[in-house]
Amino acid sequence: MTVPIFELPDELRLSLITKQFPCREPQIRALATLLNPSSAPCRNLVVYGTEATGKSAITTALLASLDGDSFKHAIVNSIECITARHLYETVVGKVAAAVGWEAVAPRCESVSQLTVELSKMLKYTERPDGFRFVLVFDGIDHQREAPHTLLPALARLSEIIPSLTTLFILTSPPPNNLLTTFTPNLHFPTYTKPEFITILSLSPPPPITPSTTPTETLDLYTRFLSALHDSLSRPASRTLPSLTQASRTLWPKFIQPILARTHTVKEFSKLIVLARVHFQDESVLDPTLSLSPSTTTTTPNPTIKTTDLATLLPTTARFLLLSAYLASHNPTKSDLTLFSTFHHGRKRRRGGFTGGRARKNGSQHRKIARKLLGAHAFVLERMLAIFMAVRTEWDPASGGRIKNGIVEGEQGLDNDIYMSIATLASLRLLVKVGGGGDVTDLGGKWRVAVGWEVVRGLGRSVGVEVEEWLVE
């Protein structure tokens, strides 16, 4: 009887793997055909796709099902290897363990030595007819301290060792990355919405109430998964594990009205409206950020925010940012009236200009508040002058004068002003107009890059109503 040259993979093995990994049958069949020794084995194979698409899991399961006397494999996780030498020695150790080779070289420092060691174990050792060895490099594109010739060199191993198939699992391979004439590429695309629902529906939750049938629970769960995918998949998550975690977290909150007997299983629209706040909470994607129902119903304190500038910036930096906002939004001619104590003994607020003739009612017209207009450029020396003029009133504990960029005075403010300016510039809260230049240049022009809401909250954190210092 003639032995066929080409045989399709065993359908029983493929059906078990397909049942284990649904919605991936085309990729499983193509991978089995390109790896099975009796089908169409290839020298090099590139499997690529985004995160959490089943590349590594399907490859591991398929190779384990094909493993036998005439088929061996070894999987090397490149992320676990610190250097290229560590990668070479890991490959030698795993291949030796797979084929039962005992005389393992203690050191392997180059691809040339790796080729010699693999040739001893796979090429110059007697093996059964049709023997095939598959060497898998998982995440090789994330290998640390890898030379630029690593991938082409590893792809040449199968040219020297005929019984070797090298499989590369990548995220986004560049074109012609192996520098070979032809290499099969197998793409694992991201799961679509119907595929997400199909996979998650394979393990439905138990019936909600004793009177609810499994069919009604499955139907409600399917519609719940569809709404969950629409609300979280595009803006926050596109992976199967994260959506699985989100469904496990939100499902008990979603069916809470049914358990309270205020709604029924058939009222899906009303259940969605009641659970809308939960579908808008992206913290369910991370178990460490998930809040209990008792904490989500409480009103948070608006003054306590870990990302608020009032908690991140020191006192001097806050006062400088407020001074920069006043310099950007107040005209220069109003500085003497607002911040000088020569005529009145105290600083004038609320738009200082009171002199001059009053306009007639017929010529009056509405003006846009300056705080709603864009920020104008100002000179650094003017901002420092405003800072020195108002800081004694904003912080009575401070005093003194500026000498060479250093505040001489009592406690209450940080000492180095230029350090605070550099900090604000690095955070892009102050932007230097015209590009480079020295931060300490008093003639340099700057512009504030924060809006009114941020400045108002920043001012109230130090007890200052910034609106009283703006010219209307």
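The values are calculated or read from the model by the stated rules, or taken from the named source; none is laboratory data. What you are looking at is a predicted structure, and each value in this text was computed from that prediction instead of being measured. Here Cβ is always computed from backbone atoms with ideal geometry, including for glycine, and neighbour counts include all displayed protein chains. Heads up: the accessible areas ignore ligands, DNA and RNA and are worked out on the full protein's heavy atoms, side chains in. Shrake-Rupley method; radii C 1.70, N 1.55, O 1.52, S 1.80 Å.
Using the Cα centre of segment 11-187 as the reference point, and only Cβ charges (+1 on K/R, -1 on D/E), how large is the resulting charge dipole? Debye, rounded to the nearest 20. Kindly include the intermediate steps, with their values, before the conclusion.
On the way: 16 positive and 16 negative charges, 40 e Å.
That gives a dipole near 200 debye.
If r is the Cβ-Cβ distance from S15 to K445 and R0 is 45 Å, what FRET efficiency results, to the nearest 0.05?
Working: r = 72 Å, r/R0 = 1.60.
For S15 and K445, the calculated efficiency is 0.05.
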Quiz prompt | Of L150, A57, H73, farthest towards positive along the dipole that unit charges on Lys, Arg, Asp, Glu beta carbons give segment 1-157 | solution = L150
Exercise. With a 1.4 Å probe and every protein chain left in place, tell me how much accessible area L336 has, in Å² to the nearest 10.
Key: 120
Practice problem: State the extension gain, in nm to one decimal, for the chain segment bounded by V116 and L259, taking 0.36 nm per residue of separation less the distance between their alpha-carbons. | Solution: 44.8 nm
Self-check item: Exposure of T337 as accessible area (Å², to 10), given a probe of 1.4 Å and all protein chains
Solution: 40
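Would you mind getting me the FRET efficiency between I79 and T190? Use the beta-carbon distance for r and R0 = 25 Å, nearest 0.05. Please report the intermediate quantities before stating the final value.
Details: r = 21 Å, r/R0 = 0.84.
Given R0 = 25 Å and the Cβ-Cβ separation, E is 0.75.
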Quiz item: If you average 1/r over every pair of different alpha-carbon atoms in segment 145-186 and take one over that average, what Kirkwood value in Å do you get?
Solution: 11.3
Self-check item: Heavy-atom accessible area order for Y48, Y221, largest first, 1.4 Å probe
Solution: Y48, Y221
Quiz item: Under the classification rounded if a/c is under 1.5, otherwise prolate if a/b is larger than b/c and oblate if not, where does segment 7-65 fall, given a ≥ b ≥ c as square roots of the Cα gyration tensor eigenvalues?
Solution: oblate
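How would you classify segment 12-163 from its alpha-carbon gyration tensor, with a ≥ b ≥ c the square roots of the eigenvalues: rounded for a/c under 1.5, else prolate if a/b is greater than b/c, otherwise oblate? Write out the running numbers ahead of the final one.
On the way: a/c = 1.98, a/b = 1.29, b/c = 1.53.
Taking the square roots of the gyration eigenvalues as a ≥ b ≥ c, segment 12-163 is oblate.
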Quiz item: Put a dot 7 Å past each Cα toward the Cβ at E393 and T60; how far apart are the dots in nm?
Solution: 6.8
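Once you list every other residue whose beta carbon is under 11 Å from the beta carbon of K55, what net charge do they have if Lys and Arg are +1 and Asp and Glu are -1?
-1
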Exercise. Stick to the Cα atoms of segment 140-263, pair each with every other, and give me the Kirkwood hydrodynamic radius in Å at one decimal.
Key: 18.5
Self-check item: Distance (nanometres) between label positions extended 7 Å along Cα→Cβ at E126 and K333
Solution: 10.5
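Could you tell me whether segment 48-88 comes out rounded, prolate or oblate from its Cα gyration tensor? Rule is a ≥ b ≥ c as square roots of the eigenvalues, rounded for a/c under 1.5, then prolate if a/b exceeds b/c, otherwise oblate.
On the way: a/c = 3.75, a/b = 1.22, b/c = 3.07.
Note, shape of segment 48-88 comes out oblate.
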Quiz item: Rg to Rh ratio, segment 193-288, alpha-carbon atoms and Kirkwood radius?
Solution: 0.94
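Order D438, D335 by their accessible area, 1.4 angstrom probe, all chains in place, largest first. Write down the numbers at each step before the final one.
Details: D438 95, D335 30 Å².
The ranking, largest first, comes out as D438, D335.
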